[in-house]
1. Can you say whether Asp49 is in contact with a Gly (Cβ under 8 Å, 6 or more places away or on another chain) and surrounded by fewer than 16 Cβ atoms within 10 Å (Cβ to Cβ), as far as the supplied structure shows?
2. Which ones in region 53-70 are at pLDDT below 90 and surrounded by 10 or more Cβ atoms within 10 Å (Cβ to Cβ)?
3. How do the pairs read when you match residues in region 126-145 that are farther than 18 Å from Leu156 by Cβ and more than 10 Å from the ligand (Cβ to nearest atom) with residues anywhere that are assigned to a helix (DSSP H, G or I) and not aromatic (Phe, Trp, Tyr), using Cβ under 6 Å and keeping only pairs 6 or more apart or on different chains?
4. Looking at (1) over 26 Å from Lys92 (Cα atoms); (2) free of Cβ contacts under 8 Å to residues at least 12 places away in the same chain; (3) surrounded by 13 or more Cβ atoms within 10 Å (Cβ to Cβ), which is the only condition Asp13 fails?
5. Give Ser113, Ser88, Ser80, Ser103 a once-over and let me know the one that is in a loop (DSSP other than H, G, I, E, B), small (Gly, Ala, Ser) and away from the ligand (no atom under 16 Å from the Cβ).
6. Yes or no: Met36 within 20 Å of Leu93 (Cβ to Cβ) and among the hydrophobic types (A, V, I, L, M, F, W, C)?
Amino acid sequence: MPETSSNLRKYRDLYNIHKKSCKLRKPDRHGHKIEMKLTFEQWLQIWMDSGKLEQRGRGKGGYCMARHDDLGDYEVGNVSIKSIVENSREAKLGRGGVKGRVSPTKGKTWSASSNTLRAEAAKNVTKTPCPHCSALHTQAHLARYHGDRCKLAPRLVANLESALSPGADRSGDDS
Ligand SMILES: [Zn+2]
């Protein structure tokens, strides 16, 4: 059955969308910028040969054009039509069967002696008192939440007071 011209127009639109989406995609895991090197005719032929053209799309029952091993360009010889479920399962397997990054401490345990060492190290961290609230903090915590940023710092207290009294004169020097 020959493709009707309205179907052809629809497929050409789909092809153009696919081609455009390649430009927006991140490079593959080898840092290669993914390109659509198939012509519309080649693209359509691959879909027609698969017999899945009408099931092209997202979701569980859908089919997509996948690159072999998720690498390289969309070009003849490097693509096949796969079910979306199958393709995402393969993508996961390529990363060891999991999504995202695996914590380097996953599944590891610590010995009693290393626990003691870490506990001692934590005790020996030097703590500095905040000049405003005088609580003891590590350098990192002090820099981020205390010192000039402390809730009790005069500048913040002054700002807070003027915010709480709407009639207050804001032109005064509050340094
Ligand atoms: Zn403080």
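The values are calculated or read from the model by the stated rules, or taken from the named source; none is laboratory data. This one's a predicted model, so the numbers in the text were calculated from it and none came from an experiment. So basically every Cβ, Gly included, is an ideal-geometry build from the backbone, and we count neighbours across all protein chains shown.
1. Against the criterion (in contact with a Gly (Cβ under 8 Å, 6 or more places away or on another chain) and surrounded by fewer than 16 Cβ atoms within 10 Å (Cβ to Cβ)), Asp49 does not qualify.
2. Gly57, Gly61, Asp69, Asp70
3. Thr128/Leu142
4. Failed condition: (3).
5. Step by step, each of Ser113, Ser88, Ser80, Ser103 is checked, and only Ser103 is in a loop (DSSP other than H, G, I, E, B), small (Gly, Ala, Ser) and away from the ligand (no atom under 16 Å from the Cβ).
6. Values: within 20 Å of Leu93 (Cβ to Cβ): no; among the hydrophobic types (A, V, I, L, M, F, W, C): yes.
No, not satisfied.
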